[in-house]
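Engineer: Please read through the structure below; I'll follow up with questions.
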Amino acid sequence: MESSWAKVSTRQRAYTYTEGEKHWLLGREVTLRVIQGSRSSCRIQGDEVVLTVTPETDRKRMLEQAWGEQLRPILVCLVQKWAAVMQVHPSELTIKNMTSRWGSCNFRNGKLSFALDLAAKPEDLIESVVIHELTHLLEPSHNQRFQQLMTSWDKEYRSKRKRLNHFPREFYG
């Protein structure tokens, strides 16, 4: 039986990656600024994302890379923190575009994968997904034991699960 926790919202804005467009990064709305230049780059300055583009720039790909760079250190830190608490040993962490889940765990080999779209979420929701996936290293199904373990580490995980779909998808499809 699959829990609704793992399911990703399909609520998607029709992004065009143009000047003034609003996006979500770590739970806050940011404004895209687009500048023409001789080299492509992306930098985050407070509530603005400054994208320097050439005619060949794949703007969506640049934002995906920037969001991944923001998300990776958060995930690494949270996985290390919670793996120690739970006394589990994940083997690998990847970030990728996932169309139907926030994360996945292969309990046989310890590989964890997280949806790039988590970069749009506040850190407490990212942490709940990390806890959820690491719990699968102890209990592969979503049975009563899994639910008890989740509740012992994240008492508010049920309400967080509901908040997770509040933010629009950034990179769906």
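Engineer: Conditions: (1) farther than 26 Å from E170 by Cβ; (2) open to solvent by 10 Å² or more (accessible area, probe 1.4 Å). F146 meets all but one. Number of the miss?
Structural biologist: Only one criterion is unmet by F146, namely (2).
Engineer: In addition: Out of (1) open to solvent by 60 Å² or more (accessible area, probe 1.4 Å); (2) under 15 Å from the mean Cα position of the chain (by Cα), the odd one out for S152 is which?
Structural biologist: (2)
Engineer: Taking the stated definitions as given, is R39 at pLDDT 95 or above and not in a strand (DSSP E or B)? I'd like the intermediate steps shown before the answer.
Structural biologist: On the way: at pLDDT 95 or above: yes; not in a strand (DSSP E or B): yes.
It is true that R39 is at pLDDT 95 or above and not in a strand (DSSP E or B).
Engineer: Being in contact with an Asp or Glu (Cβ under 9 Å, 6 or more places away or on another chain), among the β-branched types (V, I, T) and under 22 Å from D117 (Cβ atoms) narrows it down to one of V50, V79, so name that one.
Structural biologist: After ruling out the rest, the residue left standing is V79.
Engineer: Then there's this: Of the residues in segment 38-66, how many are open to solvent by less than 60 Å² (accessible area, probe 1.4 Å) and either touching a Ser or Thr at 6+ places or on another chain (Cβ under 7 Å) or free of Cβ contacts under 8 Å to residues at least 40 places away in the same chain (or both)?
Structural biologist: Residues that pass the stated criteria total 14.
Engineer: Residues in segment 90-110: is at least one out of contact with any Phe, Trp or Tyr (no Cβ under 7 Å at 6 or more places or on another chain), more than 30 Å from T18 (Cβ to Cβ) and open to solvent by less than 10 Å² (accessible area, probe 1.4 Å)?
Structural biologist: Yes, that holds for at least one residue.
Engineer: Can you tell me which of L71, L137 is at pLDDT 95 or above, under 30 Å from E29 (Cβ atoms) and open to solvent by less than 70 Å² (accessible area, probe 1.4 Å)?
Structural biologist: L71 is the lone residue from the list that is at pLDDT 95 or above, under 30 Å from E29 (Cβ atoms) and open to solvent by less than 70 Å² (accessible area, probe 1.4 Å).
Engineer: Another question, if that's okay. Conditions: (1) open to solvent by 50 Å² or more (accessible area, probe 1.4 Å); (2) under 24 Å from K162 (Cα atoms); (3) out of contact with any Leu (no Cβ under 7 Å at 6 or more places or on another chain). S113 meets all but one. Number of the miss?
Structural biologist: Here S113 clears every test but (1).
The values are calculated or read from the model by the stated rules, or taken from the named source; none is laboratory data. Since we're looking at a predicted model, the values are computed, not measured. Glycine also receives a Cβ, built like all others from the backbone with ideal geometry; neighbour counts cover every protein chain displayed. The protein model used for the area step is the full one, side chains on, heavy atoms only, and it has no ligands, DNA or RNA in it. Shrake-Rupley method; radii C 1.70, N 1.55, O 1.52, S 1.80 Å.
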